[in-house]
Structure formats: structure tokens, C-alpha cells
There are 4 protein chains.
Amino acid sequence: MIKVGVVGGTGYTGVELLRLLVVHPQVELTVITSRGEQGSAVAELFPSLRGYLDLEFTVPDENALSSCDIVFFATPNGIAMKQAVGLLDKGVKIIDLSADFRIKDDQLWSKWYGQSHACPELLNQAVYGLPEVNRDAIKAARLVANPGCYPTAVQLGFLPLVKKGLVDTSKLIADAKSGVSGAGRGASVGALLCEASESFKAYAVPGHRHLPEIKQGLEQASGSPVGLTFVPHLTPMIRGIHATLYATLTSAGEDLQALYTSFYQDESFVDVMPAGAHPETRSVKGSNVCRLAVHQPQGGDTLVVLSVIDNLVKGAAGQAVQNMNLMFGFPEAQGLDAPALMP
Amino acid sequence: MIKVGVVGGTGYTGVELLRLLVVHPQVELTVITSRGEQGSAVAELFPSLRGYLDLEFTVPDENALSSCDIVFFATPNGIAMKQAVGLLDKGVKIIDLSADFRIKDDQLWSKWYGQSHACPELLNQAVYGLPEVNRDAIKAARLVANPGCYPTAVQLGFLPLVKKGLVDTSKLIADAKSGVSGAGRGASVGALLCEASESFKAYAVPGHRHLPEIKQGLEQASGSPVGLTFVPHLTPMIRGIHATLYATLTSAGEDLQALYTSFYQDESFVDVMPAGAHPETRSVKGSNVCRLAVHQPQGGDTLVVLSVIDNLVKGAAGQAVQNMNLMFGFPEAQGLDAPALMP
Amino acid sequence: MIKVGVVGGTGYTGVELLRLLVVHPQVELTVITSRGEQGSAVAELFPSLRGYLDLEFTVPDENALSSCDIVFFATPNGIAMKQAVGLLDKGVKIIDLSADFRIKDDQLWSKWYGQSHACPELLNQAVYGLPEVNRDAIKAARLVANPGCYPTAVQLGFLPLVKKGLVDTSKLIADAKSGVSGAGRGASVGALLCEASESFKAYAVPGHRHLPEIKQGLEQASGSPVGLTFVPHLTPMIRGIHATLYATLTSAGEDLQALYTSFYQDESFVDVMPAGAHPETRSVKGSNVCRLAVHQPQGGDTLVVLSVIDNLVKGAAGQAVQNMNLMFGFPEAQGLDAPALMP
Amino acid sequence: MIKVGVVGGTGYTGVELLRLLVVHPQVELTVITSRGEQGSAVAELFPSLRGYLDLEFTVPDENALSSCDIVFFATPNGIAMKQAVGLLDKGVKIIDLSADFRIKDDQLWSKWYGQSHACPELLNQAVYGLPEVNRDAIKAARLVANPGCYPTAVQLGFLPLVKKGLVDTSKLIADAKSGVSGAGRGASVGALLCEASESFKAYAVPGHRHLPEIKQGLEQASGSPVGLTFVPHLTPMIRGIHATLYATLTSAGEDLQALYTSFYQDESFVDVMPAGAHPETRSVKGSNVCRLAVHQPQGGDTLVVLSVIDNLVKGAAGQAVQNMNLMFGFPEAQGLDAPALMP
């Protein structure tokens, strides 16, 4: 059993972490913080957790947190980077579900996130927590930058093609669709049921913060610059991301289905579906799986890859638990083995 | 480990059973039947189960089923009553999730279900599988009639009042609202997204088959005839039942909150919320819990009880697993301990 | 053509008024106010109105509004009562869609709305704008209090029974379900898609502000005190109210279907459905119609009346336009004649 | 007033036609056919039409239909092509909302629709009913092939670029998302609320029937072959199509915003939004408008065009009414002037 703290337990990423951690056999939750809800019972705010937790929200406090073996930051961007050094110095491991440590280049980070980085010196030791790419580094890491939701879906979909150099990486397109929980639990008009249901829209077409994160990952895989057009959309459902990926094939004769299957054959949480399949987001609702399918319509040179995840699980809290399992030597799938909730 | 068969594995009740059983530590699924899907892989029809099951659907066959320790019937009404005798004779235990064995009076059953009962002789030994009422009998049962979804929510809500004789049982009202999964997975115009979403309606106001089942349960609890008006409604969501129950108080001075709390204090799957609470169906989505709240608006004599369940879990498959656990001496909550999926 | 102003044009009631008024053949919209959106184009906030309106939001100003023939208040409670006198003095007619003038007893109003009434002297001349009850008074009114959404659905459903004295009015029950647009367009966590979709709950069971409004209307119809239990619920859809009404019949032998049909035979916006029908809220989506059905389950003495409206139309903006038509001698259905949007 | 018949009045396209036609000032509906619903009142099947229509469904009959001035076919593919000749010979005009007359090449049609064409000789005189392209020909037409829903959204979005020769037409991508009403009103498991809500998926990636229709239109506009990757998706809502279009700019220095604005400046039903906008499908719910926005992310050479329509209106019934207006010399927007239903 390890002692676990969650900083920022009132958002969707936070409560999803709690859902997974309260039944994880190796975890004892000891601290859950929230400035706004200080003093109220966690299970009062989230009745789904009644009977699982009798903690109250506390104000974030370094002393209390330093008694944990690991602390998850499920906070808005800009918080974790201010508190990480103190905790790391006390020997606490950290998984940051915000974007603070995802981008290696602090200037690039500042440009997209609109503030200076508070501890650029940590960026190099932070490990980007995509286990399918960085498993060994994650095992040894003290600080893991948990990937964004879109970046998880898009990278897992493109990686086999990019890594093998089979497509023109100067012209990749990722048309991604997210459920509304991606917008968070903060009160905002745009995420009201009456605004976001029975409607569909693109947003941030001129530029979304996940663009540089995805490019960084794909460039590392390909070893060369990547040109990516990334268009996110809001779709009227709670959970799920569907990324539809387009790439131009530059090499003939590849058996793409075999490539994908073999590329991910040892991965518990990436499921390459049979040829011709169309994965549905609901097939991963509440689960940590990424389901992929690869298509070559009419045998042309435009490939279409379909990639689905639950944005709150493989796209956030589930991947964080997967990373925690790796960091502590637990079985990688522990606490993540329930099938999706269907229907 | 016990060997488990599921007859009728293609409906929502069936696939929900599979979701729970594939990760139940005491269960080995050995037979899953479906006439329509014979020969196809279960995980092909339900990709959420990929990696959990490599069975194919088979045609129902008594020999194959008789090698099981227990068989669940997740079939339309009228099937289980024809196959039960043969299996019971071979020592197989049965939990029937259809309505075949719920009503003790076969004439009453025939009236509401429009066919003669195929084995009225089994009705007496069938145990009505509401653990909060019949736990001991279930432990000893060979044949359990798993309650309907509405009857579970309505009975658990009314039982403390009726059992204690605090209300006028000649004028009970149950205004119940169900998600669309209650209508099943069969193709029907009325359950299409375009018909059932963005709309709300009552149905079967002249009489619904769950009425006699609820009355039977409440009459057994009260020991006298019960007058019940039961109005079901279809609400535009997948899972969940919310029963709003009305009763006239006949006895002054009761502490109703204390009554409910104490009545259910030993029950793992009934959660009485604090005074003034309004349980939401999503707080039990995917979980086996029934959440209750009791209100006495403006201190008048009309009581309002709010009762929520997930119709596919506590209202069907979860309760069936709870019953299985009791029948085989497993911990009652085994395999049912995950929190609700929220949001 | 009359000149029309709308005070508070940014909420759902306001934008619904605009939807109806921009195509009303007798209406010229001249002023639309909003403190928060001052200076921005109305059609920028609501692109559905692009091409219909080139007004900008302005700060509420008595001079500008006094050039209108009529002003609609689509404001939070407590605004209209402060501005009404000034406008009425300048000969401007007013329809208030908030609750300020609905309750005749200013003490009762204060109790439920938590503030003193700013102009109790206007309460007597304010006409409660339910045309089916007060048509002649509305025609002559200078100030109309537009009914609440629940009160419209509940009163239209109960009125025939109560007016004819056929039921026990000491024990009426109204179990009402509303779409989320009833919660307004303000940013609130509870109305987020991720909180309010895929869930169902009751709220305000101890007491809701529409209770005294409904009681006042029913008591006026019956001529005696009314006991009402009113339980509102939130249902996961945008528009629509479904009221399920329960009453105990005190008089045998009535042909209730005939009673309802004849009671509403001259009403354009109340549609009594055939015996046995179950009206769906979607059958009135976007339309000003209230659809009713009356049931007597199993021939017992508990009656069940089903009443559906679109909360934003017959429950708010549509009824306001109907009242405007009456006040200015236009055909009562003018601008309100489009069928519901189905599906 | 013209006499209008609708063949196939029970699907979503059919009932949407009825919604528009019952309040069209120049239309008298005289015949509505359905084999399945023969003899039942139209308003019984669709209560939203109660009070607007007292017709019954009749069996399709050439004599009855030949008394109409125009007949709409809202039938499955393969029906209209068998009945068109007879009606045209009797002087009846036809608008076919199915796909029978959309493709000029009958061999290509056969390949995609899986049957021989019943009257290829009519293909040349059939006018493709996209008014923004073929307005004059539609005015003179006897037989109009009403465009598909996806083809309407995609063509209107690409046309300015393709017509002006500004993009590489060998590599166009259309990533399109449709509400579930596009799947029709037939009972099917895939369109059940419990299957299609809270989920998102692509379908028909290997090839969708609207692909050749879109290519034909774009090739006619560009005067040269077009390479198009078209990926349709199902999104959990009732109405709406959002097409996200990708093209590679081949010509520098164009003011694309100005191009789009001027290209559609005389069109009542195409609304080019301001630079930087993201049109939402709900902004056209129930309306005949197509809203467009054009983006050039990060100033690169990949253009992104966003195009939204209501699939049942501009994508089907509304465009059909627009075509009828043109064919009979009515104002083009008559009966189509209501704003979208929002929210």
C-alpha cells in the first residue's frame, strides 16, 4: 500500500482519479485538496463515492502532501509547476495531469500557455507519460507529465506510420472530436447542456494548445519536423474522443493491418481492431483502452486511421494510474481492468 | 470458481451480466447462448468485451447448459419457464432475469403476460430475489426470480413505510421514470435516438406488467391489500430509474429519516441519503446501489420518497450477481464493488 | 406594426421571444437591452438570428423603452417590479415574464422570493396571463404577469377537474419534469451537459416557488383552499415540461374525456388527445400548444392527467406573444402557427 | 395554390416536408402515401401535425397523384425511378428526395446503389437541385433530383475554392459528422438511443454512396477530375451536419474571406460567417440555412472550411421546398423564413 494525495480533486479529472484509486488494491488515499471545497466531505460533493471515502477536502499544504508516496496534480495549468520542486525535494513522486511539464521547450510552452514557466529546470527530468513510448523512463521517473487527451489519441493513432516512415509527415491532418467533459467542471455557458447538446461545432481552429504537444511527440518518433493540421470539435456526449487521422502514404506495398497489429502486440491498453472496423467511443467508456482501426479507402494513397479513447481515462486519470503502476512496480493494469460501461 | 451459463446474451441485460461476470473472481463463463448470433464471437458483437472473453454464441442446448453450476436467463418472458425444469433436475441452479417466476399466482401472471404459465408447479419454490427482503431464502434457493427494475426501485422505497404501517396503503402512488435501456436492445421505432431523445412521455398508464409484481411485494410486507397507482415514464437517457413515491402518513411523530436509516443500516446496496437530499440517477450509473431520500414537504401528511437505481444493475444484472453470490456463499458484494461512473 | 422592446434579451426566455418576434408580421423590434452585452450585436451572440435582426444590445433606459408600444421583461425576478411604474405611466404596456406580478398577495410573494415587493400597488391591476382563464381581462390589461412554466402545464391539466368540482382538492399531486432550459442560460455547474445529461433527479422537494402560484390559480378556479404536493424534476433534454397529475375522483359517472374535450373546445392552444393517449413533449417542441390526456387507471378513483408544453413557448415566450396578440387585438395565434419541430 | 402530393410520408424526410408544407401559403396538400400506414390519419402517427392536416395515408396510386401539380418522393432509393415517367407524362412535376436521379452516369449509379437504373433516359433531363449552382435550370425543370445531405454541406463548402481553382483538387478531404436522423426512421439497432447516444463513430470509411455524388458536383465546378477522401461519422444528436473540409492552397495571396463572402453574396440560404468563426449546427436547427466559415490555420497552406446545415432541411426537405418555389415562380424563401430553433 502506498499513500496517495490528489491536489485538485473537484474537477472531472480529479473525481475520475478518485473513482479509480478508491478501489485500487495498492492505494491508500490520504489527502485530497481543494481550496474551494475545504472542509466538506468529498463524498458529499460526489455522492457516487459515498461508502468509498470518508476524507474531507483540505487546503493544499506541502507538509501534509509530503507524507504521501505520490501526489497527483489534477489542477489547472500553472499550479503544479509551482509546487513540484518542494515535493520532489521531500522524496514525493509526482504525476501531473495538467500541461505544465509536457512541452520540453519552455519558450514554446510560454507561447501557447500565456505565462512564463515557473521551473524550466525540471522540464528535462520530467518524463512524458505515454507508456507505449516511454515505459522504461516512466518506471524510473520521479516526475511524470501525463499526456493530454487529444495527444494520447492522436499519437497512438499516428505512431506506427510515423515511426516506420511510411507517410508524408509534412501534411498530417488530425480531425478530433471530444465529449464535453474535456471542457472541465467549471461553470461556463458554452458547456451547458442547452448549449452543447443537440449541436456540433469545431473550435480553436486557428490553434489549440495540444498542437505543439502532438507535434513534439510525432517529431520525436519520426526524427524530423512534422506538419500537422489539428482541428478539435465538441460533440454532444459526456466522455470520449474520436480522432480521425489522415496521412498520405509514401511507400507502396505495406500491409498496414499487420503493421498496426504487430506494433501494439504487447500493449495491454491499445487494441487494434480487425480490418474494416469502425471503433465507437462507447466501446471504451470508463476503460483505459485505446481502440484503433486503419483504412485505405478505395486503395488510394490517403490513409485514414480511427482512434478512440475515453478522454477521462486513457486520456487522463486512467493513464495516470497506469503510470503510477509503472513507477511503483505494480502490475501495469492493476485497478484498470474493468470493461467499458456499455451501453 | 463456478461454471456459469448465460441464456440470451445479446440484450442489454445479457451484456450487462457479461460485463460483471467477466471480472468476477469466482466465475468462469462457459456458455453464452443466442439463436440469432450463433457462431459469432461475443466480443465481435460487443467490442467492449474484447480481451475479456473468447466465447462464441451457441444455440441453447440443455446438455451444454447442464454442465454449468448456475444458468442465468436473460431472455424475453416465456422462455425460462419452459427450460427451467430440465436444468433444475440436473442440479443446475437458475436465476431468471425475466418475469416468468416473479408472480406467485399463475392466473394473475397469465392475465398480465398474455400466455398460460408453462410450469406453475415451480412458482412456489421460486424465491423472489430481492435480497433486502428474502436474503435467507435466496441463500437456500435453487431457482431465483430476479425482480423487475421498477419493482426494485419502488419496493425499496416504500418498504420501511409499509412494513411499519405508517401510511395509508390503499392510496400509494409511484411515479417512475426510466432510461431507454429498459426498452431493450430490440430494434423498435419508439426507442430510436430520434424518437426518444429530447422528449419525455408517460406510457402504459392504463396498466403496466410491473404493477402486480410491486403490489405482491408490498402486500406481503404490509400483510394487507395495497392500492397502487403506478405510472412509468420514458426519460431520454440510457441508464437509470428514478421513482418518486407518494404516500399519506397515518401516524404522527415518526422520525422518518431515522426509520429509513435504521431499516437499511445493514444493507450494502441501499444507501439512505441525509435529510433533504435529492439523489441523482447518475450517482448509481453502473453500480448496484439503490439511493433513497425521504421528504415530508412543508410538514404535511403527504410523504415523498425518492429512489434511484441503475435499471441494468440493481434493477437487473447486478442484483442477479448479488443473488448468485448469496446462493454460492460468496461475499455478497463480490464483483459489485466499483463506484458509479461519474460523470 | 407596433414597436416592441425586450428587456433582458440574453437568456433563453429572451432569445425565444426574439425568435418569435422577428417573424411576427405586426411587430417591429426596436430595443433589446442587456447590461452585460451592451454594444454587441444581438445576432453575434445568437447566430441563429443572423439575417433577422441588426440591433445591438443597449443598456436598459426608460426613455428608449418609452417609445415602445409594449415592453417584455425577460429578466430575473425583482427587476420588472422596479421599472414597471415608470413605463406604465408613459403609456407603455408591459408583459412581465418573470414572477414579479404573478402572486396577488405581496406577503406571500416576499416569503417565497426572499425580498420585499417593490410595488405592491400594481399587483391588483396586473392580469395573470393565462388566456384560457383570463382572456377578456388580458385584452384590457396594461400589465400582464406571464405565468410560470410549471404553473401553465399544471393548471391547464387540473382546471377542468377543479372547476367542475369533481376531485378532492385537498390532496392534489403534481409530479412535473422539466428540460434543462428551465434552469436558464446562466453559467452553473448543475446545468452543465456533463452534470445534467444521462441523469434524472428531483429538486426543491421541500418547496418550489411555483407552488404558491399554482395554488393561487387552482383556488381561484375551485373557490376553496387547495392542498397540493408539487415535485419538480430535471430531465436530460433541452425543452419541454411533462406534468403528471394525480387527483382522487369524488364524483362517479363522469365522462372525463368528454369533459376535457368540451372544456377546451374553443382553445387554439390546448389540444385534448384521444382517450388512451400519452402525449410526448416533443410533439410541442417549439410550438405554443399544450397537449393533454386524461386517464383513469383500472377504473379506480385515482385520476391521472398528462400535460405537456414547451417550457420556453407556452411556458414563457409563446404565451407572452399570445398575450400581446390579445392586448393589441391581433389574431390570437398570429406568429405562433408553426408546427412543432419533430424529430 | 398548387396541389401537392408526398409519396412516402412516414420517414423523417417525409414528415419534415409535411412540417414545412402545411404552413406554406401556396400549397394545398392533397395526397400523402404510405403502404404501411394506409388508412390511418397522418396526424395520428405524427401528433405534432394535429390541427394542421386531416389527411389519411393512402396507397401510392398514379391516378390520385396525377391530379397534383407536383409530387415529392420521400421514398427509399429505387422507388421514384419506377414511377417518375408515368407522372411526368401526365404533366406532374417531380422532386425526388431519394438518390435515383442524382448521378448522371447510370453505370456509376448502379455500382454504388446495387441495382440497375430503371429509367436512365431521364437522367439527362433531371436537374440536380442545388439552387446555388443550378438555379435557372431548376426553374425550368420538370424533374429535380434533390441533393443528398452530405453532398449539400460539402459542395457548398468547397465550391468557391474549386470553382476559382485555388486548391489542389486531387487531394480534398471531407470529414463529415451527421446527426442520427440521417439514418432514417426505420427500426434498426444501430440507431437506438442506447446505441447511438453517448458515443461517436465513423462509418462507411471504405466508401459511402454520397462520394460519387460529391465528386460529380465538384468535377463539374472545377472542370477536371477530383480526388476526394470522404469520411462520414455519426454524432449523438438528432439533426445537423457539420462538414470539416481540408484542401491544400495552390495559389498565394488570396483573400479567402472576401472570396467566400462575394461568392455567396446573393444567396439567401448560404451565410458566410465573419473571419475566425466556428458555426454550430444548432444555429441552423430547423432552418434552411448553410453556415460557412473559412480558416487558414497558422497561415499555412492547409485550408479548413467549416460547413453546417440541418440535414433534414437544407439537406433534404427544405431544399426541396426551395426547389419547388423556384419551379413555380414563388419567392425562393417562401415558407422557409423561420429562424432556427435555439436552444
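The values are calculated or read from the model by the stated rules, or taken from the named source; none is laboratory data. Given the structure is predicted, the values throughout are model-derived calculations rather than measurements. Cβ atoms come from the backbone with ideal geometry, glycine included; neighbour counts cover every protein chain shown.
Number of residues in the range A:231-243 that are closer than 22 Å to D:ALA277 by Cα and within 8 Å of chain D (Cβ to nearest Cβ) equals 4. Quick check on my filter: what residues within the range A:173-222 are aromatic (Phe, Trp, Tyr) and out of contact with any helix residue (DSSP H, G or I) (no Cβ under 7 Å at 6 or more places or on another chain)? If the condition is that a residue be aromatic (Phe, Trp, Tyr) and out of contact with any helix residue (DSSP H, G or I) (no Cβ under 7 Å at 6 or more places or on another chain), then A:TYR203 is the only one that fits. Restricting attention to the range C:34-62, the residues that are within 14 Å of chain D (Cβ to nearest Cβ) and polar (S, T, N, Q) total 2. Per the conditions (1) farther than 30 Å from D:LEU341 by Cβ; (2) not in a loop (DSSP other than H, G, I, E, B), the sole criterion not satisfied by D:GLY190 is (1). Taking the options B:PRO225, B:PRO206, name whichever one is more than 30 Å from B:PRO331 (Cα to Cα), assigned to a loop (DSSP other than H, G, I, E, B) and more than 9 Å from chain C (Cβ to nearest Cβ). Answer to the check: B:PRO225.
Filtering the range B:271-284 for residues that are crowded, with 24+ Cβ neighbours inside 10 Å and among the acidic types (Asp, Glu) leaves a non-empty set. Taking the listed residues C:ILE214, C:ILE238, the one that is in contact (Cβ under 8 Å) with a residue 12 or more places away in the chain and in a loop (DSSP other than H, G, I, E, B) is C:ILE238, with no other qualifying. The residues on offer are C:GLY157, C:GLY148, C:GLY184, C:GLY165, and the sole one that is at positive phi and more than 14 Å from chain A (Cβ to nearest Cβ) is C:GLY165.
Across the range C:246-268, the qualifying residues are those that are facing another protein chain (nearest Cβ under 10 Å) and within 24 Å of the chain's Cα centre (by Cα), and the one among them that is farthest from C:VAL15 (Cα to Cα) is C:TYR246. Across the range A:269-286, the qualifying residues are those that are more than 17 Å from the chain's Cα centre (by Cα) and hydrophobic (A, V, I, L, M, F, W, C), and the one among them that is farthest from A:ASP310 (Cα to Cα) is A:ALA275. What is the number of the single condition among (1) away from chain A (no Cβ under 14 Å); (2) touching a Pro at 6+ places or on another chain (Cβ under 7 Å); (3) free of Cβ contacts under 8 Å to residues at least 24 places away in the same chain that D:ALA293 does not meet? Among (1) away from chain A (no Cβ under 14 Å); (2) touching a Pro at 6+ places or on another chain (Cβ under 7 Å); (3) free of Cβ contacts under 8 Å to residues at least 24 places away in the same chain, D:ALA293 violates only (1). Candidates are the residues of the range A:44-86 that are crowded, with 21+ Cβ neighbours inside 10 Å and among the hydroxyl-bearing types (Ser, Thr, Tyr); the one that is farthest from A:LEU18 (Cα to Cα) is A:THR75.
Hey, any hits in the range D:176-183 for a residue that's of a type outside the set (A, V, I, L, M, F, W, C) and in a helix (DSSP H, G or I)? Yes, some residue in the range D:176-183 is of a type outside the set (A, V, I, L, M, F, W, C) and in a helix (DSSP H, G or I). Among residues of the range B:244-269 that are on the phi > 0 side of the Ramachandran plot, none has a beta-carbon under 8 Å from a residue that is surrounded by fewer than 17 Cβ atoms within 10 Å (Cβ to Cβ) and assigned to a loop (DSSP other than H, G, I, E, B) at least six positions away or on a different chain.
Results for (1) out of contact with any Gly (no Cβ under 7 Å at 6 or more places or on another chain); (2) crowded, with 19+ Cβ neighbours inside 10 Å, shown as yes or no for each residue.
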{"site": "A:SER197", "(1), (2)": "yes, yes"}
{"site": "A:PHE200", "(1), (2)": "no, yes"}
{"site": "A:PRO212", "(1), (2)": "yes, yes"}
{"site": "A:GLN220", "(1), (2)": "yes, no"}
{"site": "A:SER224", "(1), (2)": "yes, no"}
{"site": "A:GLY227", "(1), (2)": "yes, no"}
{"site": "A:VAL231", "(1), (2)": "yes, yes"}
{"site": "A:ILE238", "(1), (2)": "no, yes"}
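Just wondering, is there one or more residues in the range B:258-265 that are among the polar types (S, T, N, Q) and surrounded by fewer than 16 Cβ atoms within 10 Å (Cβ to Cβ)? Checked against the condition, which is being among the polar types (S, T, N, Q) and surrounded by fewer than 16 Cβ atoms within 10 Å (Cβ to Cβ), the range B:258-265 yields at least one hit. Candidates are the residues of the range D:19-33 that are touching a helix residue (DSSP H, G or I) at 6+ places or on another chain (Cβ under 6 Å) and either surrounded by fewer than 24 Cβ atoms within 10 Å (Cβ to Cβ) or within 12 Å of another protein chain (Cβ to nearest Cβ) (or both); the one that is nearest to D:GLY78 (Cα to Cα) is D:VAL31.
When you scan the range D:249-259, do you find a residue that is assigned to a loop (DSSP other than H, G, I, E, B), in contact with an Asp or Glu (Cβ under 9 Å, 6 or more places away or on another chain) and modelled with pLDDT of 95 or more, even just one?
Taking every residue of the range D:249-259 in turn, at least one turns out to be assigned to a loop (DSSP other than H, G, I, E, B), in contact with an Asp or Glu (Cβ under 9 Å, 6 or more places away or on another chain) and modelled with pLDDT of 95 or more.
Considering the range A:81-175, the qualifying helices (runs of 4 or more DSSP H), each wholly inside and each with 1 or more residues that are touching a residue at least 12 places away in the same chain (Cβ under 8 Å) and in the same structural domain as A:LEU249 (by TED's automatic domain parsing), run over A:149-163.
Checking C:LYS177, C:LYS171 one by one, the residue that is within 30 Å of C:LEU45 (Cα to Cα) and charged (D, E, K, R) is C:LYS177 and no other.
In the range A:103-121 there is at least one residue matching the filter, namely being under 23 Å from A:GLY318 (Cα atoms), surrounded by 18 or more Cβ atoms within 10 Å (Cβ to Cβ) and of a type outside the set (Ser, Thr, Tyr). Scanning the range C:176-194 for residues that are surrounded by 24 or more Cβ atoms within 10 Å (Cβ to Cβ) and not small (Gly, Ala, Ser) gives C:LYS177, C:VAL180, C:LEU192, C:LEU193, C:CYS194.
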